[in-house]
Amino acid sequence: IMRGHRLGADDAGGIRRISNQLIGTAPEVIRHYIELRGIGVIDVRQLFGMSAIMEESRIDLVVQFEQWDETKFYDRLGIEDHHIDIMGVEIPCVTIPVRPGRNLASIVEVAAMNNRHRRYGFNAAQELAQIPPVAVYEPTYVERPPEGDTSGEVEIRQFDDTWGGEAPWLQRLLANVN
């Protein structure tokens, strides 16, 4: 809420299907209230104002949390779409592994933004997968030119699959790359 989001329901939300969409609401008795462990129950509408609540919202994404499991493979690219069936409607679903130190609020925000982009036809994972592979080289450290070399100009030429240059410091550098 302090990051600009709005409360729809805490704990016991209700879902209804309208056409091919799911709408989430809070039961009247607990609407606008949220329980914060260690603080207690607060009235979000009274504390943050009307802009911090919403009566209902379309359900576009299901976020499932699970304890981090070192033995489990977690998808790092996100090429495959996962869905869950709720009341006959397929809803995109992401599973987020939880462990200490992860900022879940930020991760859920990014998951929601990425879901919106996918709905509009943009999939960063698929775009990345279509990029032709490139050769990856070990990092090479560049030496500065000697103090006496003030020309600032170096000629670099390619011979077959190797590179060559006129400056001695550049030749030493290129020897590490070839």
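The values are calculated or read from the model by the stated rules, or taken from the named source; none is laboratory data. On a predicted model such as this, the values are computed, not experimentally measured, just so you know. Please note: Cβ atoms are built from the backbone with ideal geometry, for glycine as well, and neighbour counts cover all protein chains shown. Side chains included, ligands, DNA and RNA excluded: accessible areas come from the protein's heavy atoms. Shrake-Rupley method; radii C 1.70, N 1.55, O 1.52, S 1.80 Å.
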Check: Is region 19-78 best put as rounded, prolate or oblate by its Cα gyration tensor, with a ≥ b ≥ c the root eigenvalues, rounded for a/c under 1.5, and otherwise prolate when a/b is larger than b/c, oblate when not?
Finding: oblate
Next item on the list: Just the number, please: carbon plus sulfur as a percent of the accessible area of region 1-120, 1.4 Å probe, no ligands or DNA/RNA counted.
Entry: 54 percent
Checklist line | Positive minus negative residues near Met54 (Lys, Arg vs Asp, Glu; Cβ under 13 Å) | finding: +1
Check: Rg and Dmax of region 1-114, Cα atoms, in Å?
Finding: 15.9, 45
Check: Spin-label point model (7 Å from Cα, Cβ direction): what's the Arg99 to Glu56 distance in nm?
Finding: 4.2 nm
Next item on the list: Using a Förster distance of 25 angstrom, determine the FRET efficiency expected from the C-beta separation of Gln126 and Leu36, and round it to 0.05.
Entry: 0.05
Margin query: Tell me the per residue accessible area of region 1-146 using a 1.4 Å probe; a whole number in Å² is fine.
Written below: 77 Å²
